[in-house]
Amino acid sequence: MIKKLKSNWLTIALTLVVLVSFILSGIIWTNPFQYERPHRENSTSSSQQFTTQSMGDVYLPTTIVRTGKDGQQNLLYSQRANLINDVQRNLCDWKLGRTSEVKTNNCDVYLSYLRNRHSLMLSYPDNVTGEVFNETFDQSIDTNRVKGINHIVIPLNGTHEIYLLRDYHYEVYRVQVNKGDFAKLPKIGRHVRPIPVDHKIIKGNAMMVYPHGFTLPKLAYQVSDQRINNLSTNLLSTNRHTSVTSHEDSDKTVYTDGTNRHLIYDHTNGTVDYENDIGNSNVVATGQLYAHFYNILVKTGMPLDNIRFDQAKDHNRTFIYRTYVEGFPIINTDGYGGAKLQASQSGVERYWMSLYTVQVPLPLSGDQDVKLPSTTSVLNELHASNQFKDITDLRVGYLWKGNSQDSKVVKLVPTYFVKYHHRWVDYTELLK
Amino acid sequence: MNFKRIQWIFLFAFLLFDLIVAGSLFLQNRFTITSNAPNRQEVILKEMRADEITSVPLSNHAQSGYYIAGTRSGKNGELGQQADKLRDQSYHFNTDELASDLETGVKVDPKHPDKRLNRLVNDDHSIALGSHYKYDAQLSDRRTVVYTQQLADRDLKSPDGQIRFRVNSNHEVLGYTQTYLAGARILRPKADTISQRHAVTWLYKHNLIPNNSQVRWAELAYTKLLNTSSHNQAVYVPTWIIEVRTKNDDTVQQLRVNAFNSTIMRSTPSSVNTSSLGK
């Protein structure tokens, strides 16, 4: 036996190294590829501001709802704590495991997950991809399986799993939690006020409704304005030494750099319309737009502290970003405090934005609470006014009224907004 | 014989392959970390050392804070009401600053004046609202001992919330002046601030830290961002205050960076007209 081994030792050693090479190759094949994450810090040299907001901060969920053991749902509202950030920080320490599909195309099952008893739910204003979720919460869930996410449901009853819900086709996914601290998740407390809410499926859309009237405070902010020269240089300048020229055209100034790019600035309301024909060959893939548009936002130099992704439309090729205050979006007819970015399949990129945004809050004296009616009574009023058929969606937000040319401060008033002919309109406007 | 040689060659080839692959697998993590590590801030810190700028160790942890509004409280405000309790001193108000002379001097240790003064400050009958203040070694010197008001667990480094004790050459406190910021209100939910290291490198990048100088301390505190025209309310913001000493001429300057958006702050806060908000 030993003699045999001795005479064949070379063959045996060879077999061993070949086997080891197989094992190592196997490890490489199964090991997930290491992507380099987008940098957390980005500086824009010309605007004198430094953004610490990473891509994950712009694509954060905006509402946080706690469902009690009795099924009662409450929106957690705080003027002091940043609950979403607290949850984000907590979830980043979690280890998520395998993903599996629970159910699709069943709206009753979907609604039951939205109303999951004894749970915490984070909701995005609109669908984000699995990659964005992974980036925000420092996870690596299977993005081939989870195509999109609207809600993250975290059960609090001790089951070590979370659910990812996608409104499109009512998809429900289960993700195993291998390690996670459920005790640190936010509760209703001293600085957290519960606002009763409910979830319903109306006209095929999952919607959060307010079954009772509630109050929200008016808010005041200082209007910050970016200089048009900064914005135009940020958007038009490249490494190539092209000079930006501008010419006045009544109320508008047109900036061009001699290539396919131009920027039109409207003096009357401070809005900017930018167009860039990058050509067919450079079209950014739809899945990559979340990162692409984040980089554009950083490039513009606008302060990103409260900017959140709000909506994707036109087959996910147009994204809308808005300023959020205390979990509610600011809505303005001229697009103040936000941006609309579009990348068409034909290779034309267009951005609509404004010079005005809000950053520094101001104190308001006296009683500033606004009583908002329940969603049902808003819908009933709209029914009575015959405008109901043109309305496709409804939400609560803050109205930024009027023009900012003359005023350096703005008062934001909470109200219901309805989507009327594809635009968000203060519902009281329709009742007039 | 020939076959054996082929076996040898294969053995070596596979052995080499195994070693390289195994090595890259085990070292992979280290590779990815080192490729990310020399980020901009590290590079800037190196440049600073090359320019002979020394510094206290700088933390890279983001902190958090709030926008806070408040009003200076005067004779008719909270400070005036609490001052009614004061004993063994004569005080008066200069607009909204309380100035007081103690009837008997308080002897303090020149190195640790807070040891004795903490007792005084925490006594309602000696100092009004004293529990809101903390000893501030950085602002104190031999002739004045400064206590700063606390706002959301941080110092308020502003003349709007301070107690300044006068110390004479015999190390005796004979009187003090006091201001108090009342009705502090959080205006917006908690938000992250830039890190200490970030603030210092930012100043350096904007050529505000001269060569051959020393960053003596960098502290996060609240300072006034702007005044509003409604009821004298002001807005305070977390600020990195950085003290820099130039070694050549031994001058000391304090620089301030808004910790929310890293803009460099002017020494006089701006004012906004908020009258239109009242409508």
What helices does chain A hold that run 18 Å or longer along their axis, going by alpha-carbon atoms, with a Kyte-Doolittle average of 1.0 or more, using DSSP H for the helix calls?
A:9-30
Using only alpha carbons, build the gyration tensor for the range B:72-182 and give me the equivalent ellipsoid semi-axes, biggest first, whole Å.
20, 17, 12
Pick out, from B:Gly77, B:Tyr135, B:Gly161, the residue whose Cα sits farthest towards the positive end of the charge dipole of the range B:72-182, with +1 on the Cβ of Lys and Arg and -1 on the Cβ of Asp and Glu.
B:Tyr135
So which lysines can B:Lys107 reach, going by Cα to Cα under 20 Å and dropping same-chain residues fewer than 8 places off?
B:Lys115, B:Lys134
FRET efficiency estimate (nearest 0.05) - Cβ-Cβ, B:Ser59 to A:Asn8, R0 56 angstrom
0.35
Counting other Cβ atoms within 10 Å of each Cβ, which trypsin sites (Lys or Arg not before Pro) in the range B:75-150 have at most 13 and sit in a DSSP loop?
B:Lys85, B:Arg87, B:Lys111, B:Arg142, B:Arg143
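So if a site counts as exposed when it's one of the chymotrypsin sites (Phe, Trp or Tyr not before Pro), its DSSP state isn't H, G, I, E or B, and it has at most 13 other Cβ atoms within 10 Å, what's the longest stretch of chain A without one? Intermediate values should be presented prior to the final figure.
Working: sites that count: A:Phe33, A:Tyr35.
So the longest stretch without any such site is A:36-432.
Tally Lys/Arg at +1 and Asp/Glu at -1 over every other residue whose Cβ is under 10 Å from the Cβ of A:Glu161; what's the total?
On the way: positive: A:Arg98, A:Arg174; negative: none.
So the surrounding residues net to +2.
Subtract the Cα-Cα distance of B:Ala137 and B:Phe93 from 0.36 nm times their separation in residues, and report this length gain in nm to one decimal.
Working: separation 44, 0.36 × 44 = 15.84 nm, distance 2.61 nm.
In short, 13.2 nm is gained.
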The alpha-carbon center of the range A:176-193 and that of the range A:310-350 are separated, in whole Å, by 31
Give the A-B buried accessible area in Å², both sides summed, 1.4 Å probe, nearest 100.
4200
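First select every other residue whose beta carbon is under 9 angstrom from the beta carbon of B:Tyr180; then total the charges, Lys and Arg +1, Asp and Glu -1. Display every interim value, and only then the final one.
Details: positive: B:Arg72; negative: B:Glu78, B:Asp96, B:Asp160.
Its environment carries a net charge of -2.
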Show that you can apply the helix-only estimate: for chain B, add -39,500 (n - 2.57) for every DSSP H stretch of four or more residues, divide by all residues, and state [θ] at 222 nm to the nearest 500.
-8000 deg cm²/dmol
Give the angle, between 0 and 90 degrees and rounded to the nearest 10, that separates the Cα long axis of helix B:196-205 from the longest principal axis of the Cα atoms of chain B.
80
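For the protein assembly as shown, report the accessible area per residue in Å² (1.4 Å probe, heavy atoms, rounded to an integer). Don't jump to the answer; show the numbers that get you there.
Numbers: 35350 Å² over 711 residues.
It amounts to 50 Å² per residue over the protein assembly as shown.
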Anchor A:Lys6: lysines whose Cα lies under 19 Å away (excluding residues fewer than 8 positions away in-chain):
B:Lys4
Sticking with the crude label model, points 7 Å out along Cα→Cβ, report the distance from B:Asn168 to B:Lys115 in nm, one decimal please.
2.2
In this structure, the FRET efficiency calculated for A:Cys107 and A:Lys419 from their beta-carbon separation, with R0 = 22 Å, to the nearest 0.05, is 0.60
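For every other residue with a beta carbon closer than 10 angstrom to the beta carbon of B:Asp155, add +1 if it is Lys or Arg and -1 if Asp or Glu, then tell me the sum.
Values: positive: B:Lys134, B:Arg154, B:Lys157; negative: B:Asp136, B:Asp153, B:Glu219.
In short, 0.
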Cα gyration tensor shape for the range A:55-209, rounded if a/c is under 1.5, else prolate or oblate
rounded
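Given only helices, namely DSSP H runs of n ≥ 4 each adding -39500 (n - 2.57), what is the per-residue ellipticity at 222 nm of chain A, to the nearest 500 deg cm²/dmol?
On the way: 10 runs with 94 residues, N = 432.
Counting only the DSSP helices, I get -6000 deg cm²/dmol.
With +1 assigned to the C-beta of every Lys and Arg and -1 to the C-beta of every Asp and Glu, and no other charges, what is the dipole magnitude of the protein assembly as shown about the Cα centre in debye, to the nearest 20? Write down the numbers at each step before the final one.
Numbers: 80 positive and 68 negative charges, 411 e Å.
The calculation lands at about 1980 debye.
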Highest-MSF residue in chain A out of A:Leu24, A:Leu91, A:Leu289 [GNM, Cα springs under 10 Å]:
A:Leu24
Nitroxide proxy distance, nm - points 7 Å out along Cα→Cβ at B:Arg266 and A:Trp29:
6.7
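Which shape class, rounded, prolate or oblate, goes with chain A when its Cα gyration tensor gives a ≥ b ≥ c as root eigenvalues, a/c under 1.5 marks rounded, and past that a/b bigger than b/c marks prolate?
Details: a/c = 2.19, a/b = 1.31, b/c = 1.67.
It is oblate, given that a/c is not under 1.5 and a/b is not larger than b/c.
Dipole magnitude of the range B:168-279 about its Cα centre, charges +1 at Lys/Arg Cβ and -1 at Asp/Glu Cβ only, in debye to the nearest 20? Don't jump to the answer; show the numbers that get you there.
Values: 12 positive and 6 negative charges, 100 e Å.
That gives the range B:168-279 a dipole magnitude of about 480 debye.
The values are calculated or read from the model by the stated rules, or taken from the named source; none is laboratory data. Predicted model only: the values in this text are computed from it and were never measured. For neighbour counting, all protein chains shown are included, and Cβ atoms are generated from backbone atoms with ideal geometry for every residue, glycine included. Calculation scope for accessible area: heavy atoms of the full protein, side chains included, ligands and nucleic acids excluded. Shrake-Rupley method; radii C 1.70, N 1.55, O 1.52, S 1.80 Å.
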